[in-house]
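Visitor: My questions will all concern the structure given below.
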Amino acid sequence: MGAHARHRGRLLSRRAGTQHWDESDVRVRPGKGSRPRTKNRPEHRDAESAMVVSKDRGRWGCVLGGDPDRPVVAMRARELGRTPVVVGDEVDVVGDLSGRPDTLARIVRVSPRRTVLRRTADDTDPFERVVVANAEQLLIVVALADPPPRTGFVERALVAAYVGGLQPILCLTKNDLADPDEFVSAFTGLDLPIVLAGREDPIEAVATMLTGRVTALIGHSGVGKSTMVNRLVPEADRATGVVSGVGKGRHTSTQSVALPLPDGGWVVDTPGIRSFGLAHISPEDVVDAFADLAEAAQDCPRGCTHLGPPADPECTLDRLTGHSAARVSAVRLLLTALATNESW
């Protein structure tokens, strides 16, 4: 028999053998993602509530029951996936809650946020970042000189506060170098609380406004924000280590940290602001933050940007009078800052 005939015979033999195969004869190795996954998640009924006070490299510092004397370090449970967890979040934790060195708890739930301070990298960035969750107030720290104040920064911070549900407070430092009246006149009509916190001013005025509440602090580098934190929270560096328990317990300029106030409440020290994009905010979001303006704006023509003439000659906000009219002027400054994306 020639070589060609022998090869043909082997092929016929193989084909004949396959006629008796079925799916049970085939062994398929399961892929990594093909294992059945249950949708049943543990309920963690024994979980204890906590507040997130710091974050560093995949670890979160939490205080059980909001008590700064009960700190724990936690990781994010696997079932949460990539659920974002930020300073100020109210979470449920399980595991080792002793708070002893080298122990690790697990965050198993994140409660819905009541307020959020958000920003984007710039006005073209569609990805918004939550800076602080559940803060009641936003203390905007501005120096009246050295560096000179920038209304654009304050306007953008005000927009983020109003839309996020926070009560803004304008805090002015270095008032011994310049008169604050001209600067604050731009915000007349917004019912914006203003407090002076220069080196020679007693800190009690600021402390009274923050006691018993969760307040986020923002400001440019060099405006005296760190000095104020140290005055509000004696031994702030030590307190940072106690409440965080993360890494070496140090607060760098790249992360927020919540510090307990002596008479109750928390102050969230945020990094020095380099950018404050508002790509996630529309003019309607800003107007809706003011009940009187939101009601009047319902009669505005479609597509109205609420900036008034000549851009919006039929904007119904122009019909308002009295205090509401003054508020319209102030809010339009915010809308202009939102629309122009001027450098600040």
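Visitor: Using a probe radius of 1.4 Å on heavy atoms only, what accessible surface per residue do you get for the stretch 262-320? Whole Å² is fine.
Guide: Details: 3040 Å² over 59 residues.
In whole numbers, the stretch 262-320 has 51 Å² accessible per residue.
Visitor: Tell me, what ³J(HN,Hα) does each residue in the stretch 65-81 have, in order and in whole Hz, if you take phi through Karplus 6.51 cos²θ - 1.76 cosθ + 1.60 with θ = phi - 60° and put x for Gly and Pro?
Guide: x, x, 8, x, 8, 10, x, 9, 10, 9, 10, 8, 4, 4, 5, 7, x
Visitor: While we're on this one: Where Lys and Arg each count +1 and Asp and Glu each count -1, what net charge lies around VAL53 among other residues with Cβ under 13 Å from its Cβ?
Guide: Values: positive: LYS55, ARG59, ARG70; negative: ASP56, ASP67, ASP69, ASP89, GLU90, ASP269.
Neighbour charge sum, excluding VAL53 itself: -3.
Visitor: I'd like the Karplus ³J(HN,Hα) series for the stretch 314-327: coefficients 6.51, -1.76, 1.60, θ = phi - 60°, whole numbers in Hz, and an x wherever there's a Gly or Pro.
Guide: Karplus values, whole Hz, x for Gly and Pro: 9, 5, 6, 5, 6, 7, 6, 10, x, 4, 5, 5, 5, 5.
Visitor: What are the ³J(HN,Hα) couplings of the stretch 332-337, residue after residue, when phi is run through the Karplus curve with 6.51, -1.76, 1.60 and θ = phi - 60°? Round to Hz, x for glycine and proline.
Guide: Along the stretch 332-337, the couplings run 5, 5, 5, 5, 5, 4 Hz.
Visitor: Grab the other residues whose beta carbon is less than 13 angstrom from that of GLN167, score K and R as +1, D and E as -1, and report the net.
Guide: Numbers: positive: ARG114, ARG213; negative: GLU136, ASP191.
Every neighbour counted, the sum reads 0.
Visitor: Would you mind telling me the share, in percent, of accessible area of the stretch 280-340 contributed by carbon and sulfur at probe 1.4 angstrom? Show your work: numbers first, answer last.
Guide: Details: 1640 of 3210 Å².
C and S atoms contribute 51 percent here.
Visitor: Report in % the part of the accessible area of the stretch 135-206 that belongs to carbon and sulfur, leaving out ligands and nucleic acids; probe 1.4 Å.
Guide: Numbers: 1440 of 2910 Å².
Looking at the stretch 135-206 in its full context, I get 50 percent from C and S.
Visitor: Please label the shape of the stretch 159-230 as rounded, prolate or oblate, based on the square roots a ≥ b ≥ c of the eigenvalues of the alpha-carbon gyration tensor (a/c under 1.5 means rounded; beyond that, a/b larger than b/c means prolate, else oblate). Before the final figure, lay out each step's value.
Guide: Details: a/c = 1.58, a/b = 1.12, b/c = 1.42.
Since a/c reaches 1.5 but b/c is at least a/b, the shape of the stretch 159-230 is classed as oblate.
Visitor: Now for a separate question. Out of residues 5 or more away from HIS220 or on other chains, whose amide H comes under 5 Å of its own, with H placed 1.01 Å from N in the peptide plane?
Guide: Distant-sequence amide H within range of HIS220: ILE273.
The values are calculated or read from the model by the stated rules, or taken from the named source; none is laboratory data. Source: prediction; values computed, not measured. Because the Cβ atoms are built from the backbone with ideal geometry, glycine has one as well, and the counts that use them run over all protein chains shown. The accessibility values were calculated without ligands, DNA or RNA, using every heavy atom of the protein model including side chains. Shrake-Rupley method; radii C 1.70, N 1.55, O 1.52, S 1.80 Å.
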